[in-house]
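Presented below is the structure to which this report refers.
The values are calculated or read from the model by the stated rules, or taken from the named source; none is laboratory data. These numbers were taken from a predicted model, which means no experiment stands behind them. Here the Cβ positions follow ideal geometry from the backbone for every residue, glycine too, while neighbour counts run over all protein chains shown. Heads up: the accessible areas ignore ligands, DNA and RNA and are worked out on the full protein's heavy atoms, side chains in. Shrake-Rupley method; radii C 1.70, N 1.55, O 1.52, S 1.80 Å.
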Amino acid sequence: MKRTAVSLSAAALLLPLSACGGSAEAGSGSTVTVTVGYQSKTINTVTAGTLLRSLGYFEKQLNSLHDGHTYKVDWQDYATGAPITAQMTAGKIDIGSMGDFPLLLNAARGKQLGRPTHLVSVTGYNLRGGLNTVVTAPHSQLTSLKDLEGKKVSTSIGSAADGTLVRALQRAGIDPNKGISKLNQQPAVGASALSAGSVDALSQFVAWPGLLAYQGKAKALYDGARLNLPTFHGVTAREDFAEQHPSVVTAFLKAQAQATDYLNGRPVAAAEKVAEATGLPAEVVYLYNGAHGIATFDPAVKPQLVSALKQDVSVLKAAELTGDVDVDSFVDDQYVKKALGTSYAKRLAASPPPAASEAWVKGSEKTVSFKTPKKLLAYVAGHRDDVRAAYVPDTTTGTLWFADKAVWVADGGQVLPFVAPDTAQEYVSAHGGARTVSYRAALEQAS
């Protein structure tokens, strides 16, 4: 059953609930209903949500348990992590997926209400923080974060994108509480506000920045990977549910691993499936979830991500959204270790694929990779009518971006792409003779 997302701020999330509902895992007779909360449009959670649901792997894993129960899965779709946490602490959602900052709020809220939850696996991650981006209107005169001082900025307070905004502003010497006018808005509302000109910038998580850029409704102002701090989404489960039905949690994580292998093995097909289920353009889905996309998918709970989660606590505390969070007790990787078996150690040690430029040719089930952005541009120049989408990694951060939306720099015989103008300008300032050029000029130079 698909429910309309409830609009809850992270601050409201930490207030006591007036009432708690019954346990979602209870079923009549031998029937057990497993309720899964997910965010269909937060596309680096797809291996625990949209893609997993479309493939039917979880239902197949449950059917293979043969433990005397009949299992039913109730998939509930939300716009953000806050309502998933509210439903989990009310006993109405058993397993959910959300970003790193919402996960901490999930941990704090569960402990506060005596319904503890645990991080049991990871979905998509980026070790530098590239999943979050600050964007402005297409014709905005803003060129760097410093230009945001005194401006109106939309974000979802308590989200990973808000965490990126806070940290980035601090590095730019701007007080995130007093230096800007921050509007707490759901992603879709913020996107509309940006288009209407009622805010100057939008800081959001996947897939909103890429979607707006693709649609020509925004351009990147700040690449979250410049923070060089890991960001990720993960799966959280209620402790009482996991203890009562450990085999169900393990079955979910086995299914998640299968969906992960499907995505990694068939990234174009996976992007098409997610696009069909969400209404997002497949080209945008691939930007994040592709073979060299911004997100890397692996269920293993990597130490770097746990360490980053601990660093995130201070940001939420400073915003008075939570107190201390015991991250070590929140993380529980026993189920994913059991689900993955002997492959867990290999997955834990695996690194993201190297950055690469890619062209998605119309009608093809695979993309074409290129060793350099210049070679990609040369290909695009010779196949203008055949290319569905072209992607290039930022020269500094490695964050993948649409080639025609990137900021291009000519440096001697090289043409180099950047996600945001300030990163490009820093390169130009450090390399004599380098200059920014248009996408058309970059194509001409490469052809």
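General observations
- For segment 335-423, the number of Lys pairs with C-alpha atoms closer than 20 Å, counting only pairs eight or more positions apart or on separate chains, is 8.
- Peptides 60-69, 408-417, 422-431 ranked from most to least packed give 408-417, 422-431, 60-69, packing being the mean of other C-beta atoms within 10 angstrom over each peptide's residues.
- DSSP-defined antiparallel bridges as percent of all bridges, the chain, nearest 5: 70
- Ratio Rg/Rh [Cα only; Rh per Kirkwood] for segment 103-208: 1.03
- Ranked by the mean number of other Cβ atoms within 10 Å of their residues, highest first, the peptides 297-304, 181-188 fall in the order 297-304, 181-188.
- Positive-end residue, the chain charge dipole about Cα centroid, Cβ charges, pick of ILE294, ALA160, THR42: ILE294
- Theoretical FRET efficiency, 1/(1+(r/R0)^6), r = Cβ-Cβ of GLU320 and SER54, R0 35 Å, to 0.05: 0.35
- Set of aspartates and glutamates near LYS146 by C-alpha distance (under 18 Å), chain-local residues within fewer than 8 positions excluded: ASP162, ASP175, ASP200, ASP223, ASP422, GLU426
- Cα-centred dipole magnitude for segment 144-283, charges only on beta-carbon of K, R (+1) and D, E (-1), debye, nearest 20: 420
- Nearest 10 degrees, 0 to 90: helix 160-171 Cα axis against the chain principal axis: 50
- The residue among LEU227, THR80, PRO303 whose Cα reaches farthest toward the positive pole of the charge dipole of the chain, with charges on the beta-carbon of Lys, Arg, Asp and Glu, is LEU227.
- Relative intensity, log₁₀ I(q)/I(0), of the chain from a Debye sum that treats every alpha carbon as a point, q = 0.06, 0.08, 0.09, 0.14 Å⁻¹: -0.24, -0.44, -0.55, -1.29
- Segment 184-258 - accessible surface per residue (Å², probe 1.4 Å): 29
- Seen against the Cα atoms of the chain and their longest principal axis, helix 303-318 is set at about 90 degrees.
- Accessible area of the chain belonging to carbon and sulfur atoms, whole % at 1.4 Å probe: 49
- Calculated accessible area for segment 362-414 comes out at 49 Å² per residue, all protein chains present (probe 1.4 Å; ligands, DNA, RNA ignored).
- Computed from backbone phi with θ = phi - 60° and the Karplus coefficients 6.51, -1.76 and 1.60, the 3J(HN,Hα) list for segment 372-381 is 9, x, 4, 5, 4, 4, 4, 5, 4, 4 Hz; x is used for glycine and proline.
- Relative contact order for the chain: 17 percent, from Cα pairs under 8 Å spaced at least 6 residues apart, divided by residue count.
- At 1.306 mPa s and 10 °C, Stokes D of segment 150-284 from Kirkwood alpha-carbon radius, µm² per second: 91
- The modelled label-to-label distance between ALA196 and LYS217, using points 7 Å beyond Cα along the C-beta direction, is 1.3 nm.
- Cα-projected label distance for GLU272 with ASP385, points at 7 Å along beta-carbon direction, nm: 2.3
- Here's the picture: a label point sits 7 Å out from the Cα of SER447 along the beta-carbon direction, and within segment 366-401 the residues with their amide nitrogen under 11 Å of it are 378-385.
- Residues whose amide H falls under 5 Å from that of THR35, counting only those 5 or more places apart or on a different chain, are ASP74, ASP94, ILE95, with hydrogens built in the peptide plane.
- Dipole magnitude for the chain: about 460 debye, using +1 per Lys or Arg Cβ and -1 per Asp or Glu Cβ, origin at the Cα centre.
- Kirkwood-based Rg to Rh ratio, segment 308-447, C-alpha trace: 1.15
- Estimated purely from DSSP H runs of n ≥ 4, each contributing -39500 (n - 2.57), the mean residue ellipticity at 222 nm for the chain is -11000 deg cm²/dmol once divided by its residues.
- Extreme residue, positive dipole direction of the chain, given options GLY110, SER140, LEU52 (C-beta unit charges): SER140
- Averaged over residues, the count of other Cβ atoms within 10 Å places the peptides 112-123, 335-346 in the sequence 112-123, 335-346, highest first.
- Compared with the dominant principal axis of the Cα atoms in the chain, helix 187-196 is inclined by about 30°.
- Working note: Cα gyration tensor of segment 243-394, eigenvalues times five, square-rooted, sorted largest first, giving semi-axes of 35, 20, 15 Å.
- Placing unit charges on the Cβ atoms only, positive for Lys and Arg and negative for Asp and Glu, gives segment 283-364 a dipole magnitude near 400 debye about its Cα centre.
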